[in-house]
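J.: Right, I'll just put the structure down here and ask away after.
Coordinate-derived values only; no laboratory data. Predicted, not measured: the structure shown is a model, and the values here were computed from it. With ideal geometry, Cβ positions are generated from the backbone for all residues, glycine too; neighbour counts draw on all protein chains shown.
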Amino acid sequence: MCFPDTFEGRTYFKQLPHIRLLHRENSELVGQLGLDFRVIRVGDEVFRMLGIIDLCVVPKLRHQQRASAMLDKAATIAQQARADFQILFVDNPVLYEKNGYKLIEPAQLSWFAIEDRKSHGIIGRKMEGLLMVRSEDNRSFPAGKIDLLGYLF
Ligand SMILES: CC(C)(COP(=O)(O)OP(=O)(O)OC[C@H]1O[C@@H](n2cnc3c(N)ncnc32)[C@H](O)[C@@H]1OP(=O)(O)O)[C@@H](O)C(=O)NCCC(=O)NCCS
């Protein structure tokens, strides 16, 4: 319902998440957020990341802070999992800026491409306005080339 043009009947976009937060009201499922645990490399350093994927809320209940509540819960899980940063890729940064995420730009990235559940090799690209991170201890995201060591979250 929430991703009519991209999910094509799947319950996930690129890959199954490790965990899903399910937002229910009166036993009806009204939102979800996928969590993907990963280490990535930035320059010569390796960081523990919690990737946020597949966030959505049913249309009739949007604009009532449900997505923000799920992002808060994800932040708690990130702390418990000792993640250095939460990471996500956006079309529109507004919701995430309101929830403490910062754009990293420009970002020089490499990742493992998956399209239509097929592997397509490694892609390297400079990105602007797409990569956002949040840190619970206000640490700055380091400069350097970013190797996602997996698919694009
Ligand atoms: C994006 C989405 C999850 C927001 O859910 P929500 O429960 O309405 O979010 P919240 O109430 O916590 O925050 C709403 C704020 O986020 C921002 N926002 C609204 N739609 C947005 C969007 N598509 N992308 C980014 N930010 C958005 C606005 O600033 C909004 O403030 P407003 O309510 O004053 O207009 C929901 O619109 C949705 O499911 N969209 C379709 C799926 C999708 O695009 N998911 C994001 C994948 S990156």
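J.: Of everything in the range 33-56 that's more than 12 Å from the ligand (Cβ to nearest atom) and among the charged types (D, E, K, R), which residue is nearest to I104 (Cα to Cα)?
T.: Per the criteria, the residue is R41.
J.: Further, regarding this structure: Contact list please: Cβ distance under 6 Å, first residue in the range 34-63 and in contact (Cβ under 8 Å) with a residue 60 or more places away in the chain, second residue within 15 Å of the ligand (Cβ to nearest atom) and among the charged types (D, E, K, R), pairs at least six apart or on different chains.
T.: Matching pairs, first to second residue: G51/D36; I53/D36.
J.: Check R82, R139 and return the single one that is assigned to a loop (DSSP other than H, G, I, E, B) and either in contact with a strand residue (DSSP E or B) (Cβ under 7 Å, 6 or more places away or on another chain) or within 27 Å of E25 (Cα to Cα) (or both).
T.: On inspection, the qualifying residue turns out to be R82.
J.: Let me ask another. Kindly indicate whether any position in the range 73-94 is within 13 Å of the ligand (Cβ to nearest atom), over 24 Å from K118 (Cα atoms), touching a residue at least 24 places away in the same chain (Cβ under 8 Å) and surrounded by fewer than 17 Cβ atoms within 10 Å (Cβ to Cβ).
T.: yes
J.: Right, next: Can you name the condition, by its number, that K126 falls short on among (1) surrounded by fewer than 14 Cβ atoms within 10 Å (Cβ to Cβ); (2) within 16 Å of the ligand (Cβ to nearest atom); (3) more than 23 Å from Y12 (Cβ to Cβ); (4) charged (D, E, K, R)?
T.: Just one mismatch for K126, condition (2).
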